[in-house]
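Undergrad: Would you mind keeping the following structure in view while I ask a few things?
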Amino acid sequence: MTDQTTMLEPNFVPYQENDEPLLRVSGVTRYYGDRLGCTDISFNLWPGEVLAIVGESGSGKTTLLNCLSTRLAPTAGAIEYRMRDGSMRDLYQLTEADRRLLMRTDWGFVHQSPADGLRMTVSAGANVGERLMAVGNRHYGNIRATATDWLERVEIATDRIDDPPRAFSGGMRQRLQIARNLVTHPRLVFMDEPTGGLDVSVQARLLDMMRRLVADLGLSVIIVTHDLAVARLLSHRIMVMRHGKVIETGLTDQVLDDPREPYSQLLVSSILQA
Amino acid sequence: MPVRLYLNSVGKSFVMHLQDGISLPVVSNVDFAVETGECVVLGGPSGAGKSSILKMIYGNYRCDEGQILVVRGPDDIVNIADAAPRRMLALRQDTIGYVSQFLRVIPRVSAVDVVAEPLIGQGADERTATARARELLARLNVPEGLWSLPPATFSGGEQQRVNIARGFIANYPVLLLDEPTASLDAANRAVVVELVDEKKAQGVAMLGILHDLDVRERIADRIIDVTNFRQAA
Amino acid sequence: MSAHPDTATSPDEGHYNFAYLDEQTKRMIRRAILKGIAVPGYQVPFASREMPMPYGWGTGGVQVTAAILGADDTLKVIDQGSDDTTNAVSIRGFFEKTAGVETTTRTSEASIIQTRHRIPEALLTEDQVLVYQVPIPEPLRFLEPRETETRKMHALAEYGLMHVKLYEDIARNGHIATTYAYPVEVNDRYVMDPSPTPKFDNPKMHEMAALQLFGAGREKRIYAIPPHTKVKSLDFDDHPFEVQKFEKPCGLCGAENVYLDEVILDDKGGRMFVCSDSDHCEDRRSHGHLGEMAADPAASHLASTGEERA
């Protein structure tokens with residue numbers, strides 16, 4: 001039963017006044033020649049936080065995601081990341097070797113198209129095991145056991161472990177891509193429209209699975225989506241982008257229930273009610 | 001009794017940009033406090049802004065004017081009106097609970113897990129939380145055969161009772177009640193009244209919207225008429 | 001030309017420069033070779049020339065041999081371990097004609113051995129150079145088609161992908177089924193494709209006394225393993241690297257622990273296993289070693305020596 005002390009002093013406090021952000025983004029701007037990708041984006045991302053970047057096509061959200069994930073150097077601005085040793089490092093000052101190591105251990109990137117994030121010609125098991133092998137795991141049995149475990153976690157029958165993703169449905173491929181990213185227990189995962197192009201029922205299953213994994217693993221996630229329902233289900237916080245700028249940001253349900261900017265109101269009012 | 005929640009000159013209006021930017025005033029100069037172990041009920045007709053006040057306290061709506069102060073700990077008073085999103089999320093996890101009329105169904109999660117989740121979020125171990133969830137579902141007369149099923153296919157009344165159990169399970173010092181008894185039968189209304197009484201005994205400060213006059217009579221320590229806050233400042 | 005006054009064929013003997021390639025080209029190739037030796041296992045790009053033979057016939061190996069060949073060298077050329085297959089014969093003939101050097105089939109007499117597929121069974125010495133013909137030098141190509149990416153992976157020693165390939169082998173076959181072109185790590189740094197040699201020969205590359213040079217003509221790459229360099233075949237802790245085992249010794253010379261080829265003797269299912277290294281087999285037989293099939297009339301034509309046939 002409940003007792004007075006736990007009520008007044010909850011023993012689990014995720015928020016601490018003095019804790020530090022995982023990612024610190026300051027003034028990030030990217031031009032393509034004289035065409036604007038995104039401009040003057042600044043925000044912090046804290047451990048365990050899921051941030052959704054929403055906006056229509058061409059709003060600059062994918063440009064921003066690519067800058068943040070070191071896939072595209074910004075024209076101006078700084079992106080700092082808290083390494084596992086606690087130090088805050090400017091991502092674009094890291095050596096390429098360190099950056100690539102970060103990307104395949106401490107980070108994940110889930111692409112909209114699984115073909116961009118998977119090796120389509122090698123087995124599901126090897127797809128999941130690749131990161132383990134890349135960080136020096138040299139025990140086949142252990143790699144396979146870990147891969148089996150991850151297939152279970154993403155609800156892929158373990159007897160499919162030796163099948164290539166080409167033999168998988170779209171939803172399975174996307175779940176496999178997620179497993180492949182999470183196997184090294186990254187702290188930060190980038191997702192680019194992870195539910196795009198999937199059937200509604202397949203989407204629901206994927207979203208539910210992602211929601212559980214994110215909570216269980218305490219992941220920080222930056223997810224780009226144009227689907228506000230996805231943002232509502234997964235994210236704590238929303239950034240609304242338009243014409244390369246962040247026009248509104250805040251708690252997810254606050255932005256969706258009480259949008260302030262004209263464009264945000266238009267976006268929210270455009271959702272089809274099921 | 002110490003104050004848990006204090007609304008200081010709170011005001012709210014909606015600017016409808018899609019309708020030529022017209023401004024719809026909702027409430028202004030809202031000024032009241034809720035103490036520990038007290039249940040305050042907001043009164044007034046529909047559209048008077050009762051629901052908006054609850055949503056501002058829970059952070060769903062922005063607070064345009066004034067302060068919403070909540071006591072989180074002995075030396076920790078948070079102003080919700082300008083709290084950072086993650087601060088607000090922390091408050092929702094450990095300080096402010098919300099019992100709403102509608103269950104946001106999470107696909108493929110069983111009723112007992114839906115109910116247990118907030119308590120686990122507060123750090124309780126899964127066994128304790130599940131046991132407490134079963135206890136509440138039993139008290140609210142949700143048939144045991146349903147407990148392990150996802151509530152998506154439950155009747156409206158069953159879903160609502162699952163959500164009430166979810167709202168009452170965790171140990172929040174502040175609890176917002178948004179029509180918790182609407183469409184419940186007499187037996188279940190009585191259970192909700194009991195639950196509110198237990199929370200009061202634990203020192204929980206509660207603020208509610210209740211149209212059911214019987215229940216309101218039973219649980220309200222004070223009724224605040226929201227129409228008083230409608231006059232422009 | 002002045003650098004090799006004795007070695008160039010004189011105009012009245014023909015129109016080829018010594019060893020076919022002009023001196024500038026040989027110098028360019030030597031520079032690539034030196035760089036390759038300095039960075040063991042690293043694939044050095046070089047300006048591969050058109051050779052008077054098709055790609056796939058050893059144009060890379062031939063260019064390397066041409067660049068290091070001197071007038072006093074003795075050349076041996078093997079293909080699948082044998083000195084008398086078409087490829088070996090034609091390359092040997094090519095250098096006899098364009099450089100006028102001595103050629104041999106005896107491993108111990110050769111100063112340069114150009115090979116396709118095999119490393120001789122006899123231990124090589126510091127005085128010898130082994131030149132491999134390589135079709136596809138990039139070990140990562142199987143899984144990563146982008147050259148820019150594979151070069152980056154080499155630069156940063158990101159070799160997880162190599163193990164993905166071995167993982168796939170075990171997942172499909174229960175063991176590492178790669179039997180040739182089995183990837184090795186050279187000098188604790190670069191992962192290298194040892195050309196299509198059987199993995200049976202991989203252990204011979206480790207700490208080999210002879211200099212090993214690899215030339216890929218079509219892919220325009222040269223790489224090298226200096227003498228006495230660590231060469232480790234990649235594997236898993238629970239699936240360690242193993243070489244092929246043969247149940248029987250060589251049918252002709254009785255040699256064990258050598259690489260054997262299967263030879264079909266007749267159309268009634270008759271077959272035998274004989275040394276793939278023909279010189280090694282002949283050498284043993286000349287020293288009196290006889291296998292159980294040596295007296296079999298069906299195998300008699302196999303037992304004839306290279307000289308007898310020539």
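Just so you know, all these numbers are worked out from the coordinates, no wet-lab data involved. These figures come from a predicted structure and were not determined experimentally. Glycine also receives a Cβ, built like all others from the backbone with ideal geometry; neighbour counts cover every protein chain displayed.
Undergrad: Evaluate the following for B:Asp94: is it under 26 Å from B:Ser51 (Cβ atoms), within 12 Å of chain A (Cβ to nearest Cβ) and touching a Cys at 6+ places or on another chain (Cβ under 9 Å)? Quick ask: steps written out before the conclusion?
TA: Details: under 26 Å from B:Ser51 (Cβ atoms): yes; within 12 Å of chain A (Cβ to nearest Cβ): yes; touching a Cys at 6+ places or on another chain (Cβ under 9 Å): no.
It is false that B:Asp94 is under 26 Å from B:Ser51 (Cβ atoms), within 12 Å of chain A (Cβ to nearest Cβ) and touching a Cys at 6+ places or on another chain (Cβ under 9 Å).
Undergrad: Against the definition (within 12 Å of another protein chain (Cβ to nearest Cβ), more than 13 Å from B:Ile224 (Cα to Cα) and buried (at least 16 other Cβ atoms within 10 Å of the Cβ)), how does B:Met16 come out, yes or no?
TA: Values: within 12 Å of another protein chain (Cβ to nearest Cβ): yes; more than 13 Å from B:Ile224 (Cα to Cα): yes; buried (at least 16 other Cβ atoms within 10 Å of the Cβ): no.
So B:Met16 fails the test.
Undergrad: Quickly run through region A:233-249 and pick out the residues that are in contact with a helix residue (DSSP H, G or I) (Cβ under 6 Å, 6 or more places away or on another chain) and within 11 Å of another protein chain (Cβ to nearest Cβ).
TA: Scanning region A:233-249 gives A:Leu233, A:Ser235, A:His236, A:Arg237, A:Ile238, A:Glu248.
Undergrad: Being outside any loop (DSSP other than H, G, I, E, B), crowded, with 17+ Cβ neighbours inside 10 Å and of a type in the set (Gly, Ala, Ser) is the requirement here; does B:Ala133 meet it? Reasoning before the result, please.
TA: Numbers: outside any loop (DSSP other than H, G, I, E, B): yes; crowded, with 17+ Cβ neighbours inside 10 Å: yes; of a type in the set (Gly, Ala, Ser): yes.
Yes; evaluated as a whole, the condition is true for this residue.
Undergrad: Okay, moving on. If the requirement is being surrounded by 20 or more Cβ atoms within 10 Å (Cβ to Cβ), touching a Pro at 6+ places or on another chain (Cβ under 8 Å), in a helix (DSSP H, G or I) and among the charged types (D, E, K, R), which of these qualifies: A:Arg173, A:Arg205, A:Arg180?
TA: Within the list A:Arg173, A:Arg205, A:Arg180, the selection yields A:Arg173.
Undergrad: Collect the residues in region C:262-283 that are closer than 19 Å to C:Thr107 by Cα and not aliphatic (A, V, I, L, M), keeping them in residue-number order. Before the answer, list the steps.
TA: First, pick out the residues of region C:262-283 that are closer than 19 Å to C:Thr107 by Cα: C:274-283.
C:Cys275, C:Ser276, C:Asp277, C:Ser278, C:Asp279, C:His280, C:Cys281, C:Glu282, C:Asp283, listed by residue number.
Undergrad: If you don't mind, another one. Residues B:Val142, B:Val114: which one is β-branched (Val, Ile, Thr) and assigned to a loop (DSSP other than H, G, I, E, B)?
TA: On the way: B:Val114 fails: assigned to a loop (DSSP other than H, G, I, E, B).
None of the others qualify; the one that does is B:Val142.
Undergrad: If you don't mind, there's one more thing I want to ask. Considering each of A:Val200, A:Val268, A:Val246 in turn, give the residue that is free of Cβ contacts under 8 Å to residues at least 24 places away in the same chain, among the hydrophobic types (A, V, I, L, M, F, W, C), surrounded by fewer than 23 Cβ atoms within 10 Å (Cβ to Cβ) and over 20 Å from B:Ala90 (Cα atoms).
TA: On the way: A:Val268 fails: free of Cβ contacts under 8 Å to residues at least 24 places away in the same chain; A:Val246 fails: free of Cβ contacts under 8 Å to residues at least 24 places away in the same chain.
The match here is A:Val200.
Undergrad: Something else now. Out of A:Ala215, A:Ala179, report the one residue that is among the aliphatic types (A, V, I, L, M), more than 22 Å from A:Arg99 (Cα to Cα) and away from chain C (no Cβ under 14 Å).
TA: A:Ala215
Undergrad: Would you check if C:Lys232 is charged (D, E, K, R) and assigned to a strand (DSSP E or B)?
TA: yes
Table: residues versus (1) assigned to a strand (DSSP E or B); (2) within 14 Å of another protein chain (Cβ to nearest Cβ); (3) under 20 Å from the mean Cα position of the chain (by Cα); (4) surrounded by fewer than 13 Cβ atoms within 10 Å (Cβ to Cβ).
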residue: C:Val243; (1), (2), (3), (4): no, no, yes, no
residue: C:Lys248; (1), (2), (3), (4): no, no, no, no
residue: C:Val258; (1), (2), (3), (4): no, no, yes, no
residue: C:Phe273; (1), (2), (3), (4): yes, no, no, no
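Undergrad: Pairs, please: C-beta under 8 Å, at least 6 apart or cross-chain, first residue without any contact (Cβ under 8 Å) to a residue 24 or more places away in the chain and in region B:156-183, second buried (at least 23 other Cβ atoms within 10 Å of the Cβ)?
TA: Going by the 8 Å Cβ cut-off, the qualifying pairs are B:Glu158/B:Val142; B:Glu158/B:Pro151.
Undergrad: How many residues are under 16 Å from A:Ser113 (Cα atoms) and touching a residue at least 60 places away in the same chain (Cβ under 8 Å) if we restrict to region A:203-226?
TA: Matching residues across region A:203-226 total 4.
Undergrad: Can you list the strands (runs of 3 or more DSSP E) lying wholly within region A:18-60 that have 1 or more residues being of a type in the set (Phe, Trp, Tyr)?
TA: Working: elements: A:23-32, A:35-45, A:50-54.
Of the strands (runs of 3 or more DSSP E) lying wholly inside region A:18-60, those with at least 1 residues that are of a type in the set (Phe, Trp, Tyr) span A:23-32, A:35-45.
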